[in-house]
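The values are calculated or read from the model by the stated rules, or taken from the named source; none is laboratory data. Predicted model only: the values in this text are computed from it and were never measured. Cβ sites come from the backbone with ideal geometry, for glycine too, and all protein chains shown count toward neighbours.
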């Protein structure tokens, strides 16, 4: 923060366990990563190299090292995990992760169908060695799960050893917890929150309106993912009420606190 402006919500400090911003890198070059981190590193908690991009990215090791030197862990998107799994190459995937020195992985089944007990088995195996993000929800917009099923799957995956569960939305934010228009399935989200701790959920929210919804619902320190690199600074400003969309959000709350104090 370049100036100590009053009445800003308190943000958790890095390394954060909640209030996370997860960035999706879909193929930035080395110089692009350096430029991005020169301004955004304080607000980035983890970077996902999206879908199968790690297999087709030149200078991958150097790129990961740049993030690591900035204190930002990297993991490969869940689609890559599924690509190995469907080819019966789980052990190769583990070797690939180890070779690049990653300490985070994503386990998902958004593009393939596997028994949930099997998915939890992979989570359990991996969680012995790395931090696991497990993604819940399908990339198929026609596959609609009822809220109780989301809760059941999330709870089981946390029990299996996942540190966080990711609520699926894809990079466009138009499936899973969202309708095709990008509108939040509010009833689903609020039902999930009756059983799953908010600090254990990473809400994929690539669109500004989606980010604002979760900030209004859960406050400045909600976990938000699939954030484009160019949107990290705008998101941080939005988190603390320095953008029109949330300008009055925290001021109103502080005014109520002051008013209650005067009344008492």
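Residues of the stretch 84-95 that are touching a residue at least 24 places away in the same chain (Cβ under 8 Å) and under 23 Å from the mean Cα position of the chain (by Cα): 85, 94. Taking the conditions exactly as written (surrounded by 18 or more Cβ atoms within 10 Å (Cβ to Cβ), within 15 Å of the chain's Cα centre (by Cα) and farther than 26 Å from residue 34 by Cα), does residue 205 satisfy them or not? When the stated conditions are applied, residue 205 does not pass them.
Considering the stretch 177-227 alone, what residues qualify as being touching a residue at least 40 places away in the same chain (Cβ under 8 Å) and on the phi > 0 side of the Ramachandran plot? Once the filter is applied, which keeps residues that are touching a residue at least 40 places away in the same chain (Cβ under 8 Å) and on the phi > 0 side of the Ramachandran plot, the stretch 177-227 yields 219, 226. Checking each residue of the stretch 170-180 against the condition of being surrounded by fewer than 17 Cβ atoms within 10 Å (Cβ to Cβ) and either at pLDDT 95 or above or within 14 Å of the chain's Cα centre (by Cα) (or both) gives at least one match. Look at the stretch 68-83: where a residue is more than 17 Å from residue 26 (Cα to Cα) and a partner is assigned to a strand (DSSP E or B), sitting 6+ places away or on another chain with Cβ atoms under 8 Å, you get 68/74.
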